[in-house]
Amino acid sequence: MNALVLKDANSCRWDCVSLGEVMLRLDPGENRIHTTRQFSVFEGGGEYNVARGLRRCFGQRTAIATALADNPVGRLVEDLLLQGGVDLGLLRWVPYDGVGRTVRNGLNFTERGYGVRAAAGCSDRGHTAISQVKGGDFDWNGIFGAENGSRWFHTGGIFAALSDTTIGATSEAMDSAHAHGTVVSYDLNYRDSLWKSIGGKARAQEVNRELVKKVDVLFGNEEDFSAMLGVRLEGVGEDFSELPVASYDKMLREVSAAYPNLRVIASTLRTAHTASKNAWGAIALNCDGAEHVAQRDVDILDRVGGGDSFASGLIYGLLAGESFGWAVRCGVAHGALAMTTPGDTSTASLAEVKRVMAGGAARIAR
């Protein structure tokens, strides 16, 4: 495993460009999707959440390459995106046909869960504008080349699973990023609901085993590595009540051996005691060896997006030139904070992240 090499910030317009779908999230708060009478709205998407976290918490220059149907719902998503501060110069607007027969915007209904009632999601994302993106729709050479440039490119298995054309678009973007010396990160982010009607885990592995060959930094958890790459974690039960660190270390090293192109591999460690009480930590591997952040119990308000915030915290540490151990601890702290507020995205500040990293208590700061 070789060391990661980053471009100089002064040579690039952006610190990170993400490619992925952004949906309108509808949240019933303390209620259930099937009985609520009102929803709060947020924007969210696995790849976008990373760019937003890097921008809002860590002050990095980020952009999102995505597409929306040009109707009032799409404009609402845009309004939410503008609040997030991510550069929308790469957003493609697709004409709307009036009823959504050919193109639409994705909706994601999300229950937070509480106690013994698990969090749950119901997505409505067929025929979305971004799922129809294909190779050639984005000028990646213009994005990553001397005209603009980005130090980092992030995408993931959610975007790749949207359609056959998004697989090709992902591969094209990765190739261009590498050609211009941009680091490529990929979050496996397995979603059974996306793959089950298009070939299931067999198709997921066929696609992702090829894409991961083009990746520098790989994120996932035990289910992701098993479902997407066929690398299994030994010594754990179906409830994941015990997470042996030695087994995770072995799993990451197996992935590294299978994909020698990888420079960093990281896995979150989550044990869900209840929906509102989790043990949370991480383990990551680079050329210097493994870094382990032991699990600690954290209280959960909304678990969705915790892994994305872990990724953005770790990426920030690497972009900022911090040590590998610092970067992993930053990711864990940022992920923990993201799960204390509603919505997919983080509302944390860098000062709050550093406070958690230092073991600071939750005593009021005023």
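Details
One line per residue, one yes/no per condition, for (1) free of Cβ contacts under 8 Å to residues at least 12 places away in the same chain; (2) charged (D, E, K, R); (3) surrounded by fewer than 14 Cβ atoms within 10 Å (Cβ to Cβ):
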| residue | (1), (2), (3) |
| --- | --- |
| LEU82 | yes, no, yes |
| GLY85 | no, no, no |
| LEU90 | no, no, no |
| GLY100 | no, no, no |
| GLU111 | no, yes, no |
| ARG117 | no, yes, yes |
| PHE138 | no, no, no |
| GLY142 | yes, no, yes |
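- Among the residues listed as ALA279, ALA333, the single one being without any contact (Cβ under 8 Å) to a residue 40 or more places away in the chain, crowded, with 21+ Cβ neighbours inside 10 Å, of a type outside the set (Lys, Arg) and out of contact with any Phe, Trp or Tyr (no Cβ under 8 Å at 6 or more places or on another chain): ALA333
- Out of VAL304, VAL353, one residue alone is in contact (Cβ under 8 Å) with a residue 40 or more places away in the chain, in contact with a strand residue (DSSP E or B) (Cβ under 8 Å, 6 or more places away or on another chain) and among the β-branched types (Val, Ile, Thr). It is VAL304.
- Qualifying position, being farther than 27 Å from GLY113 by Cβ, free of Cβ contacts under 8 Å to residues at least 60 places away in the same chain and among the basic types (Lys, Arg), among ARG296, ARG203: ARG203
- Of ALA69, ALA51, ALA63, all but one fail to be in a strand (DSSP E or B), among the small types (Gly, Ala, Ser) and either within 22 Å of GLU352 (Cβ to Cβ) or under 19 Å from the mean Cα position of the chain (by Cα) (or both); the exception is ALA63.
- Index of the failed condition, VAL99 passing every other in (1) among the β-branched types (Val, Ile, Thr); (2) in contact with a Phe, Trp or Tyr (Cβ under 7 Å, 6 or more places away or on another chain); (3) not in a strand (DSSP E or B): (2)
Any read-out appearing in this document is the output of simple, stated calculations on the displayed coordinates, not a laboratory observation. Just so you know, these numbers come straight off a predicted model, no measurement behind them. When we count neighbours, we look across all protein chains shown, and the Cβ atoms used for this are built from the backbone with ideal geometry, even at glycine.
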